[in-house]
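Undergrad: This is the structure, below, for whatever I ask next.
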């Protein structure tokens, strides 16, 4: 497969039929197809439907942000439209369709919560519901579903400026959630209390985004909320599993999900975590010579922000930590993520969270030596495996400590000596 080239001349020649970019599906045409299926349902300013429930807070212009409810033009059981952790059997096309049905009535506001704002209060009540809520929105003009002529554009639903929003039925708000929102709790304590009570992760994200958690309550952009909640839960689970015994063998897990390959290596030693990620040639962000990006931590956690893998790091780490917590064990973990050309449209970090979670439920095997475990992973990945090893800090640090010399052989040891710090 030749390296993808994206420019207007190429697209004009291809027209989505010849797939000259090397992808199995034209990401631009796919968005137009989805848009055509929903445009008739959205051809009005006044909409009535059952919100999944769902809200969105943008980050552009922070601390002045865009916030609004997401309401589909359909009634009834619509929770499937915004339930990322239940999308394990869905396709990218399904997700694009779901996103295209959710109409956002957006309004601009300051991040500091003002109880006197009626619309904001309605949006917050919607955020607290655990069941779809019949809602009514009045827009300044008919909502527009913009299909950006870019293979990199994330799926964005139709939107228009909001004139009015009203819940037409009482939202179903759990007593425990109402208690946490009303109590004087720091955001971290509130997040962990809800998580340990079994609330859906994306429900907690919605509460944080709507400015309902913490002592100094304020709106938090949705993308930031996802990372904040996953990072907060991950840090707490890490502290918890450090008191547990180590696993006994080398374990390998693997799963394919939405054009991504996820391989997880667990090692019988003290906790550390690393994500190694490659966008293969022909994938969205792939190059003719793909490189491995990575981030890592040891038992002390990270120093500073994630530099290369961003939100993918916190999503993958949380899935591994949940699996270790359930077993009451600790281990050194390395997650390998390969993005293939089949991942033709970015759908969100949730697919990494769910992909690694599913991988942790699909054991390939237990091995006595690291060499055997690495061979099992190597057979399932496409990118030259020595490039993973040369880039990995967790595996490389073990080699430099000579604890792997007997398993990996002298060649890998020399590779890490030539590339200290990997």
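None of the figures in this text is laboratory data; all of them are computed from the coordinates on show. All of these numbers come straight from a predicted model, not from anything done at the bench. All Cβ positions, glycine included, derive from the backbone under ideal geometry; neighbour counts span all protein chains shown.
Undergrad: Pulled fully out, how much extra length does the chain show between residue 300 and residue 175, if you take 0.36 nm times their separation in residues and subtract their Cα-Cα distance?
TA: Working it through step by step, the gained length comes to 41.4 nm.
Undergrad: Continuing with the same structure: Assuming R0 = 45 Å, can you tell me the calculated FRET efficiency for the pair residue 163 and residue 308, based on Cβ-Cβ distance, to the nearest 0.05?
TA: 0.60
Undergrad: Classify segment 21-173 as rounded, prolate or oblate, taking a ≥ b ≥ c as the square roots of the eigenvalues of its Cα gyration tensor: rounded when a/c is under 1.5, otherwise prolate if a/b is larger than b/c and oblate if not. Mind dumping the intermediate values first?
TA: Details: a/c = 1.74, a/b = 1.49, b/c = 1.17.
Prolate, because a/c is 1.5 or more and a/b exceeds b/c.
Undergrad: Sticking with this one: Between residue 25 and residue 94, what is the FRET efficiency for a Förster distance of 22 Å, r being their Cβ-Cβ separation, to the nearest 0.05?
TA: Numbers: r = 14 Å, r/R0 = 0.62.
According to the calculation, E is roughly 0.95.
Undergrad: Tell me whether segment 250-418 comes out rounded, prolate or oblate; compute the Cα gyration tensor, take square roots of the eigenvalues as a ≥ b ≥ c, and use a/c under 1.5 as the rounded threshold. Mind showing how you got there, number by number?
TA: Values: a/c = 1.45, a/b = 1.20, b/c = 1.21.
Judged from the Cα gyration tensor, segment 250-418 comes out rounded (a/c under 1.5).
Undergrad: Let me ask another. Full extension from residue 366 to residue 142: what is 0.36 nm times the residue separation minus their Cα-Cα distance, to one decimal in nm?
TA: Numbers: separation 224, 0.36 × 224 = 80.64 nm, distance 5.69 nm.
Net length gain for the segment: 75.0 nm.
Undergrad: Classify segment 175-241 from the C-alpha gyration tensor, please: rounded if a/c falls under 1.5, else prolate or oblate depending on whether a/b exceeds b/c.
TA: Details: a/c = 1.58, a/b = 1.18, b/c = 1.33.
Oblate, since a/c reaches 1.5 and b/c is not below a/b.
Undergrad: Report the full-extension gain for the segment residue 43 to residue 108: residue separation times 0.36 nm, less the Cα-Cα distance, to one decimal in nm.
TA: Gain on extension, residue 43 to residue 108, equals 21.1 nm.
Undergrad: Compute the distance in nm between two label points, each set 7 Å from the Cα along the Cα-to-Cβ direction, one at residue 288 and one at residue 385.
TA: Here the modelled spin labels are 2.9 nm apart.
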